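What follows is a single structure, written as structure tokens, with notes after it.
The values are calculated or read from the model by the stated rules, or taken from the named source; none is laboratory data. Values in this document were obtained by computation on a predicted structure and should not be read as measured data. Here the Cβ is made from the backbone with ideal geometry for all residues, glycine too, and neighbour counts use every protein chain on show. Just so you know, the surface numbers come from the protein's heavy atoms only, side chains and all, with ligands and any DNA or RNA stripped out. Shrake-Rupley method; radii C 1.70, N 1.55, O 1.52, S 1.80 Å.
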Amino acid sequence: MEYNHKEIESRVAQYWKDRNIYHVEIDRSKPKYYVLDMFPYPSGAGLHVGHPLGYIASDIVARHKRLQGFNVLHPMGYDAYGLPAEQYAIQTGQHPEVTTRINTARYRSQLDKIGFSFDWDREIRTCDPEFYRWTQWAFLKMFASYYDKTADRAMPIEKLIEKFESEGAEGVNAACNKELHFTADEWKAMSDKEKSDTLMNYRLAYQANTMVNWCPKLGTVLANDEVSEGVSVRGGYPVEQKEMWQWCLRVSAYAERLLQGLDRIDWSESIKETQRNWIGRSEGAEMHFRIDGRDDIDLEIFTTRADTVFGVTFMVLAPESKYVKELTTPEQKEAVDAYLETIKHRTERERMIDKKVTGVFSGSYAVNPLSGKKIPVYISDYVLAGYGTGAIMAVPAHDSRDYAFARHFELPIIPLIEGADVSEESFDAKEGTMINSDGPELKLNGLSVKEAIAATKRFIEEKGIGRVKTNYRLRDAIFSRQRYWGEPIPICYVDGIPTAFDQLPLELPEVDKYLPTETGEPPLGRAKNWNTPEGYPLELNTMPGFAGSSAYYLRYMDPHNDKALVSREADEYWRSVDLYIGGSEHATGHLIYSRFWNKFLYDYGEVVDDEPFHKLINQGMIQGRTSFVYRIKDTNTFVSAGLKDQYDTTPIRVDINMVSNDVLDMDAFRAWRPEFADAEFVLEDGRYVCGHAVEKMSKSMHNVVNPDDMVERYGADTLRLYEMFLGPLEASKPWDTNGIDGVFRFIKKFWGLYWKGDDCLVDSSAPSRENLKSLHKLIKKVSADIEAFSFNTSVAAFMICINELAQQKCRSREILEPLAVVLAPFAPFAAEALWQGALGHDSSICDASWPAYEEAHLKEDSVTMAVSFNGKARFNITVPVDMAREDVEKTALEAEGAAKWLDGKTVRKIIVVPGKIVNIVVS
RNA sequence: GCCCGAAUGGUGGAAUGGUAGACACGAGGGACUUAAAAUCCCUUGGCCAUUAGGCUGUGUGGGUUCGAGUCCCACUUCGGGUACCA
């Protein structure tokens, strides 16, 4: 049989399907292995050739582990809720569920062609009520929880209520928005509404009035990780800061555990570092500044540079700070109001682009607690309301932002570190010896910065001026979206009090339009009878995109369970994901939320593993390779790339499918668009050569390569091998279809070892020494490569091995059978077809065993070694592999030319590294 | 600004501190063929040389080492992340 990928792949796919070969169940007789891909959002554009890269890698690992005898869980599903489907629905009136169904079907057919070993019986879709009831369930559990900082875990809110009833708020050590103080009697005297409001301050899923990223164009709020450089990640629309009443998740309560957990997981250092930065732990101190002439108020600030207190020459409040109202004096009111008004109209983006110094004096003065000096309090938007206390002490000599502000408002700048020149810029480094820092009680002069920080912290704690405090940059996640296409939040309002609605799933209702209502309510405001059976109104906001992806990996373990997210039995067997493959763009979103969600469930014993993903690999992006033609200005003549510099030209992107090896198919180009129908060409060597550039793969660049086309022309096995062959999995690299022929040739050669026309070449002859060596070299290399995720070098090893075996005219079943098994993870269709055809098995190759390599077959008769003499001379000698060290020395000295280089010196030391080198030290 | 990562032929990329450029594409030459496709063989970092062979070579400049693409220091360029986080 000739290699015919279409016939082979359709036949083998049917075989797998008929036997449901990838179905997996708990099997305690085998060790488990859980390989997971980040599930895709099924977009309307379908998959391009870059998307399956990670899936192919994980599939190779999954198949390899299975061949090694592991019980492998390798599921797939769809992250089906999302903005594009909803935007499309708003434009066309098409229900997002319909587009989502169409898109998932398309994805499925594309994925099926590539031969993945997914257990589709475990497929999940985040928009399926049977799935999202568990997203809602987890949300309600968070709603009914608070974070006990003493126990360092989430606890049922009832425990907190018990404490309030017996002791009030005193002694409660819980994560909260704001420290509250009340007695047990005061608690008991509260109305239901007041109690509810109080508990909101502690719940892990809570409602609060917070500054949010509001995107007017999308009509919804966005989480911090959904905003980049002042615009929405989806769509790129401007985002502004706005105070709104929102649902939030108290992710910040888990900041320290999320940070500590990173040390126990096998992720790339760069992504761990990104998470560390995002969590942003900073150790400092909270300090109180008295306000001159006011006994009713203290100004609380956070600083990491307690040592610089003597250099504080002014204070700054964030414009949104609660202190602004209290500290603005009547004389300054007008100026402050005017300033606040201008700030309001500056969007986040404008503030970023235009960093000019702005601010206004509040009229009040604070008193430096250490020096007793009076210092003015300013208001400026360079201080953020959401971090620390929203107020800072400004030390212009040692902070560049304070420095710029001081220069602008002509405020004094006092250097505090010896030798620091602050005439041109601030000295921000945390090093040096303190000067100008002796107060009436605390004297820091002569201390190092480190010592001074410690001394100041000690002092302020003793004097009750402040306390040591650790701050985190990580914010609570805003959890409501004013959108339709998401999970409904299972909350109803009983007499205005938010109450859990626990008849799950709370299904997403039908609406007539997907836009906000005329009164500005979210789209769910259009739903008919959106009430509880008792008539209480239900929450109109829906959950954000990250909700559904936060615990999906648990659901795969037990996808049809209607009693629990995952049964104890399934969770204890599968535990957590051994290998997770996906893009690094989720570092500060999904990969934080999932870890948070998992830790929350862990606190309640719902899952047995504290970290969800043990090893994480971030596959690189596959970029497009865009081709250009060059039109001579104001003509319809196109000049070949090598000659374009002789003319004044405009580059035009052309469809990559009309270009082969950078040579343009001119007829196809003329037919592409009417305006090019009578195009003329200036050629070089009779061809039109295109220019090229590496860009994002997208429709608008005309550089999209569809995996379906590749499968059609070369087959899935070739596509899989070629994607791996392109380069290291984690690197970004451009797709270039040109090289695929080499891999295609390889797979045909591989096939040719087993078949010549209709003649099966496999026989029972004994393998030669060379055959065994070629095979075992391959097994060793590929086994090591898969462990190291170095798939590109594996493909190279295959090519070498197949060439050697072809040259040796190897026909031995003893060689060809294990060879097919080793290739099976990479090229499963061909391997399966050969396994059943040429090798005559009546079972699937998926149930074969991974061959072990034998060192004995790798042994060489002799090795060539480089011998070097003091670096001055070097030559190669060939010696028997087991030759003793003394004999190697002797042989080296006898070797041709050695005497000349040695020049009468004696050999002092000789180092032999088997197979590699002999290092001879002479004197 | 800060934090990562990278830099090797015409191209994608190989090289536990030990013969740099595996493997593949492309290119050039050849075989087969009426021809083309397909297939196979040879050459292919640069320079010099008829050959033998020699010199040179992994972004730049130093250093460690018998020996550096690999380790250390400084720099340049590119890519990614992040940012008034006090």
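Among the residues of segment A:648-669, those identified as surrounded by 16 or more Cβ atoms within 10 Å (Cβ to Cβ), farther than 19 Å from A:Ser698 by Cα and away from RNA strand B (no atom under 16 Å from the Cβ) are A:Thr649, A:Met666, A:Phe669. Selection of helices (runs of 4 or more DSSP H) fully inside segment A:481-592 by the criterion of at least 2 residues being buried (at least 23 other Cβ atoms within 10 Å of the Cβ) returns A:545-548, A:552-555. Picking from residues in segment A:337-363 that are modelled with pLDDT under 90 and more than 14 Å from RNA strand B (Cβ to nearest atom), the one that is nearest to A:Asp298 (Cα to Cα) is A:Leu340. Residues of segment A:593-616 that are more than 18 Å from A:Tyr34 (Cβ to Cβ) and assigned to a loop (DSSP other than H, G, I, E, B): A:Tyr604, A:Gly605.
Inside segment A:773-814, residues that are touching a Ser or Thr at 6+ places or on another chain (Cβ under 9 Å) and away from RNA strand B (no atom under 14 Å from the Cβ) make up a count of 5.
If you check every pair at least six apart or on different chains, which have Cβ atoms under 6 Å apart with a residue in segment A:372-392 that is at positive phi first and a residue that is open to solvent by less than 40 Å² (accessible area, probe 1.4 Å) second? Correct list of pairs: A:Gly388/A:Phe302; A:Gly388/A:Asn471; A:Gly390/A:Ala318; A:Gly390/A:Ser321.
Take the conditions farther than 29 Å from A:Thr519 by Cα, open to solvent by less than 40 Å² (accessible area, probe 1.4 Å) and within 16 Å of RNA strand B (Cβ to nearest atom) and apply them to A:Leu258. Does it pass? For A:Leu258, the condition - farther than 29 Å from A:Thr519 by Cα, open to solvent by less than 40 Å² (accessible area, probe 1.4 Å) and within 16 Å of RNA strand B (Cβ to nearest atom) - is met. Does A:Ala477 satisfy the criteria of being open to solvent by less than 50 Å² (accessible area, probe 1.4 Å) and farther than 30 Å from A:Met211 by Cβ? Considered against the rule, which asks whether it is open to solvent by less than 50 Å² (accessible area, probe 1.4 Å) and farther than 30 Å from A:Met211 by Cβ, A:Ala477 comes out as no. Set side by side, the residues A:Asp562, A:Asp578 differ, and just one is in contact (Cβ under 8 Å) with a residue 40 or more places away in the chain, in contact with a strand residue (DSSP E or B) (Cβ under 6 Å, 6 or more places away or on another chain) and over 30 Å from A:Val227 (Cα atoms), which is A:Asp578. Can you tell me how many residues within segment A:201-214 are surrounded by fewer than 19 Cβ atoms within 10 Å (Cβ to Cβ), in contact with a Leu (Cβ under 7 Å, 6 or more places away or on another chain) and outside any loop (DSSP other than H, G, I, E, B)? Within segment A:201-214, residues that are surrounded by fewer than 19 Cβ atoms within 10 Å (Cβ to Cβ), in contact with a Leu (Cβ under 7 Å, 6 or more places away or on another chain) and outside any loop (DSSP other than H, G, I, E, B) number 0. Of A:Val221, A:Val233, A:Val239, all but one fail to be open to solvent by 60 Å² or more (accessible area, probe 1.4 Å) and touching a strand residue (DSSP E or B) at 6+ places or on another chain (Cβ under 8 Å); the exception is A:Val233.
Once segment A:154-200 is narrowed to residues that are within 43 Å of the chain's Cα centre (by Cα) and small (Gly, Ala, Ser), the residue that is surrounded by the most Cβ atoms within 10 Å (Cβ to Cβ) is A:Ala154. Kindly provide the set of residues from segment A:729-768 that are in contact with a Lys or Arg (Cβ under 8 Å, 6 or more places away or on another chain) and among the charged types (D, E, K, R), ordered by number. Correct list: A:Asp736, A:Asp763.
Under the condition of being in contact with a Lys or Arg (Cβ under 9 Å, 6 or more places away or on another chain) and not hydrophobic (A, V, I, L, M, F, W, C), the residues counted in segment A:777-806 number 4. Here A:Glu817 meets the list (1) assigned to a helix (DSSP H, G or I); (2) within 16 Å of RNA strand B (Cβ to nearest atom); (3) surrounded by fewer than 24 Cβ atoms within 10 Å (Cβ to Cβ) almost entirely, failing just condition (2). A:Glu300: touching a Phe, Trp or Tyr at 6+ places or on another chain (Cβ under 6 Å), more than 9 Å from RNA strand B (Cβ to nearest atom) and not in a helix (DSSP H, G or I), yes or no? Spelling it out, it is not the case that A:Glu300 is touching a Phe, Trp or Tyr at 6+ places or on another chain (Cβ under 6 Å), more than 9 Å from RNA strand B (Cβ to nearest atom) and not in a helix (DSSP H, G or I).
If the condition is being buried (at least 16 other Cβ atoms within 10 Å of the Cβ) and within 12 Å of RNA strand B (Cβ to nearest atom), then segment A:708-729 contributes A:Tyr714, A:Thr718, A:Leu721, A:Tyr722, A:Glu723, A:Met724, A:Phe725, A:Leu726, A:Leu729.
Scanning segment A:266-297 for residues that are away from RNA strand B (no atom under 11 Å from the Cβ), at pLDDT 90 or above and among the aliphatic types (A, V, I, L, M) gives a single hit, A:Ile291.
If only residues of segment A:364-382 that are of a type in the set (D, E, K, R) and away from RNA strand B (no atom under 14 Å from the Cβ) are counted, the one that is modelled with the lowest pLDDT is A:Lys373.
Listed by first and then second residue, the pairs with beta-carbon distance under 6 Å, at least 6 apart or on different chains, first residue in segment A:270-283 and open to solvent by 30 Å² or more (accessible area, probe 1.4 Å), second near RNA strand B (Cβ under 9 Å from one of its atoms), are A:Thr274/A:Ala587; A:Trp278/A:Thr588; A:Arg281/A:Tyr472.
Candidates are the residues of segment A:733-772 that are away from RNA strand B (no atom under 13 Å from the Cβ) and in contact with a Leu (Cβ under 6 Å, 6 or more places away or on another chain); the one that is most open to solvent (accessible area, probe 1.4 Å) is A:Val762. Of the residues making up segment A:389-412, those that are surrounded by 24 or more Cβ atoms within 10 Å (Cβ to Cβ) and either under 37 Å from the mean Cα position of the chain (by Cα) or near RNA strand B (Cβ under 8 Å from one of its atoms) (or both) are A:Ala391, A:Ile392, A:Met393, A:Ala394, A:Val395, A:His398, A:Asp402. Within segment A:654-669, residues that are more than 14 Å from A:Phe638 (Cβ to Cβ) reach no partner that is among the basic types (Lys, Arg) and in a helix (DSSP H, G or I) with beta carbons closer than 9 Å at six or more positions or on different chains. Right, A:Glu334: open to solvent by 10 Å² or more (accessible area, probe 1.4 Å) and within 16 Å of RNA strand B (Cβ to nearest atom) or not? Considered against the rule, which asks whether it is open to solvent by 10 Å² or more (accessible area, probe 1.4 Å) and within 16 Å of RNA strand B (Cβ to nearest atom), A:Glu334 comes out as no. Is it true that some residue in segment A:824-846 is in contact with a strand residue (DSSP E or B) (Cβ under 7 Å, 6 or more places away or on another chain), touching a residue at least 40 places away in the same chain (Cβ under 8 Å) and either away from RNA strand B (no atom under 13 Å from the Cβ) or under 24 Å from A:Tyr15 (Cβ atoms) (or both)? Yes, the conditions are met somewhere in segment A:824-846. So in segment A:713-736, with the set limited to residues that are of a type in the set (Ser, Thr, Tyr) and in contact with a helix residue (DSSP H, G or I) (Cβ under 9 Å, 6 or more places away or on another chain), which one is farthest from A:Ile656 (Cα to Cα)? So the residue we want is A:Thr718. Exactly one residue out of A:Ala385, A:Ala420 is in a loop (DSSP other than H, G, I, E, B), away from RNA strand B (no atom under 16 Å from the Cβ) and among the hydrophobic types (A, V, I, L, M, F, W, C), and it is A:Ala420.
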